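Since the structure comes first, as structure tokens, the remarks are kept for the end.
Read-outs: derived from the displayed coordinates by stated rules, not from any lab. Predicted, not measured: the structure shown is a model, and the values here were computed from it. We place every Cβ from the backbone using ideal geometry, glycine too, and count neighbours over all the protein chains shown.
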Amino acid sequence: MARIDGFHLPPEAWREPYTLEGGEARHLLTVLRARPGTRVRLFDGCGREGLFELISGRKDVARLAPLEIRNVERPTSRLTIALGFSKAGRRDWLLEKAVELQVGEIVFWQAAHSQGRLPETVKRTWRETCIAAAKQCGAVWLPEITLLSSGAAAVAEAGKVHGSRLLLWEKETKIVLSQDDLAGSVFAVIGPEGGLAEAEARTFMDAGFASRHLGPSILRLETAALLVMGLHYHARIVQPETS
């Protein structure tokens, strides 16, 4: 079966008449040269997706008719990963992997050893990267992106609503992260490239976070994040399907 191209229709535009505008419409009409009758997948990033048929289009406006729409509930077992802010590096790559592995929320936080300052608002390009990844992998939900500039205490407070709270710390020497740690709703903290300050680690542990390490190798931020995201994805989706 041929792959159906996907397009993002924001939640506020998810209504009759279903209309793609701007870049999404230009990609459909100009790049793909779609004609009336072409079928595409639309998704809003908040659990709605559907099969649609192109009715008409010109320049940067495309009108579509729904053939089938479904709503996918937000998973109750989801991962929030809080990353100490670091220089751009491979941030786009990390956001792509977060979408593919169905991460619920990404929190960028200002740590004592962060390289660079956290921006005041979420960058438009970060959201665009997530949307592009969802088109490619077929994701229905986009991860929320949250910025916390007031340090470890604010991050610890944000984690209170989660059943499992984990501190992935290079100075933890006894307990290795396991899939059992990643069951249910999980809030996992990873420090920046420069590592966590002792006071930050103490803040998290005093707040009830369980300290874990990721093995003997010294991992980059994105490698540590990918490992946690992959283990959670396997525990939540792959393992139940094969058991």
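Things worth noting here:
- Shown here for the stretch 42-81: trypsin sites (Lys or Arg not before Pro) in loop regions (DSSP other than H, G, I, E, B) with at most 11 other Cβ atoms within 10 Å, namely LYS59.
- Shown for the chain are the DSSP H helices of 15 Å or more along their axis, judged by Cα atoms, with a mean Kyte-Doolittle hydropathy of at least 1.0: 221-233.
- When both bridge partners sit in the chain, DSSP labels roughly 40% of those beta bridges antiparallel.
- Charge-dipole axis of the chain as Lys and Arg at +1 and Asp and Glu at -1 on Cβ define it, positive-most pick from LEU177, HIS8, ALA62: ALA62
- Global geometry of the stretch 121-243, whether rounded, prolate or oblate, following the gyration tensor of its Cα atoms and the 1.5 cut on a/c: oblate
- Within the stretch 6-71: Cβ-based charge dipole about Cα centre, in debye rounded to nearest 20 (Lys, Arg +1; Asp, Glu -1): 300
- DSSP-assigned coil residues among GluC sites (Glu not before Pro) in the stretch 36-99, each with at most 15 further Cβ atoms within 10 Å: GLU73
- In the chain, the calculated helix contribution to ellipticity at 222 nm averages -7000 deg cm²/dmol per residue, counting -39,500 (n - 2.57) for every DSSP H run with n ≥ 4.
- Dipole magnitude (debye, nearest 20) for the chain, charges at Cβ of Lys, Arg, Asp, Glu: 640
- The trypsin sites (Lys or Arg not before Pro) of the stretch 135-207 that meet both conditions, a loop assignment by DSSP and at most 15 other Cβ atoms within 10 Å of the site Cβ, are LYS171, LYS174.
- Averaging the Cα positions of each part gives two centres, and for the stretch 112-168 and the stretch 19-92 these lie 21 Å apart.
- Residues TRP14 and VAL61, FRET efficiency given R0 of 22 Å [Cβ-Cβ distance, rounded to 0.05]: 0.85
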